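K.L.:
Quick one: the structure is below, questions incoming.
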Amino acid sequence: MSQENTQYPYEPEFTIKGLIKDRLGDIDYVLKFKKAIAVVFIVGGLAGALTAWLWTPSYTATLTFVVDDSKSSGGGGISALAGLAGLDLNSISGGSGMLAGDNVQELVKSHNLIKSTLVTAYDSTRTLADVYGAVTKLSKKWLKYSPDGKVIRFPLNGVGNNRLQDSLLHDMTERILSSDFGIAKTDKKLGFFEVNTTMKDERLAQLFCIRMINQSTDFYVRTKTQKLRDNVNRLQKRADSIGKALNSKTYSAAAANRSTLDLNPAYTASNADIEVKERDKIVLSTVFSETVKNLEASKTMLAQSTPTVQIVDEPELPLTKNKLKYSVAIIGGILLSELILCFYLLFSRKKV
């Protein structure tokens, strides 16, 4: 019976010492190509410097605002003491509605508010969307969608937008939310929010940041006080209506009183008519008084429930300029080019 011997390839034993020895050998091999290393060093540095020179700078607009909602802090001292213990009684009790607390951050990032801001005026002929499309080179990419081959423009306030323009506004909104716009709460225990807008046009970044917050705060305040404002408007209309009816009854009663001065006292029907008018006047006066009282109470509640959104710091020109530094670009270019050269030399040696 013959036994067949199977030959297996030899695999050297792995050791840390052997690994270090191999890497040192790779370094010695690469250092043999000193001229190539020097050339790549110079070329990489020049490439980095050229990149920094051609780099389009961006500008960051920073805005800080604070939301003071007195109604949401209904716990008073108890809420403050609970906050020291790490508890949030406002969130446990439901706060002051869906727009309480951190939900302000999600409101500011609303797609509809961003689109509404983009179609505001940049100057007398262009909107923010027009300028954003130009500085980000999106306008050139959109030429293939243009029916007449011209640059797609966005009308002021979105009046008459077609399906294509709405779609492109949506694309811009997604891009802005992903890289150009952000909001953060500077301190979880405080109501301060910081908004940053980074764009390649300085005035565009400033206008977008300010108008975005203005629209967001207007929507926030309007939504928080919608029910109370509706109630005030309803009571105001009712008070105006009753006031007109009361004035009419007052004039009628006065005229009836004057007409009785020349009448024979035997005719008592006129006296009854005067009493009816006086009674109606008294009833209307009472209803008007209660309505005005309720109206003033509702106005007081509206004033107390209206949150205050105060801008602490506005972005002022000149904005923070974000430009690629020459030192960073040159060092990065050198390291990247030398790394590519090393991989090429080692790969070529092993291949051979």
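K.L.:
Restricting to region 125-151, what's the tally of residues that are in contact (Cβ under 8 Å) with a residue 60 or more places away in the chain and β-branched (Val, Ile, Thr)?
P.N.:
The qualifying residues number 3.
K.L.:
Report, ordered by the first and then the second residue, all pairs with beta carbons closer than 9 Å, sequence separation of six or more or different chains, a first member in region 285-297 that is touching a residue at least 60 places away in the same chain (Cβ under 8 Å), and a second member that is in a helix (DSSP H, G or I).
P.N.:
Leu295/Val232; Leu295/Leu235; Leu295/Gln236; Leu295/Arg238; Leu295/Ala239
K.L.:
List every residue pair whose Cβ atoms sit under 6 Å apart, with the two residues 6 or more apart in sequence or on different chains, where the first one lies in region 320-338 and is under 21 Å from Thr56 (Cα atoms) and the second, anywhere, is exposed (fewer than 14 other Cβ atoms within 10 Å of the Cβ) and of a type in the set (Ser, Thr, Tyr).
P.N.:
As it stands, the answer is none, since no pair meets every condition given.
K.L.:
Can you spot a residue in region 311-328 that is assigned to a helix (DSSP H, G or I) and among the aliphatic types (A, V, I, L, M)?
P.N.:
yes
K.L.:
Would you mention how many residues in region 23-57 are in contact with a helix residue (DSSP H, G or I) (Cβ under 8 Å, 6 or more places away or on another chain) and surrounded by 13 or more Cβ atoms within 10 Å (Cβ to Cβ)?
P.N.:
The total comes to 18.
K.L.:
Can you pull out the residues in region 203-235 that are at pLDDT 90 or above and within 30 Å of Glu278 (Cβ to Cβ)?
P.N.:
Within region 203-235, just Arg234 meets the criteria.
The values are calculated or read from the model by the stated rules, or taken from the named source; none is laboratory data. Being a predicted model, the structure only gives us computed values, none of them experimental. All Cβ positions, even for glycine, are placed from backbone atoms using ideal geometry, and neighbour counts span all protein chains on display.
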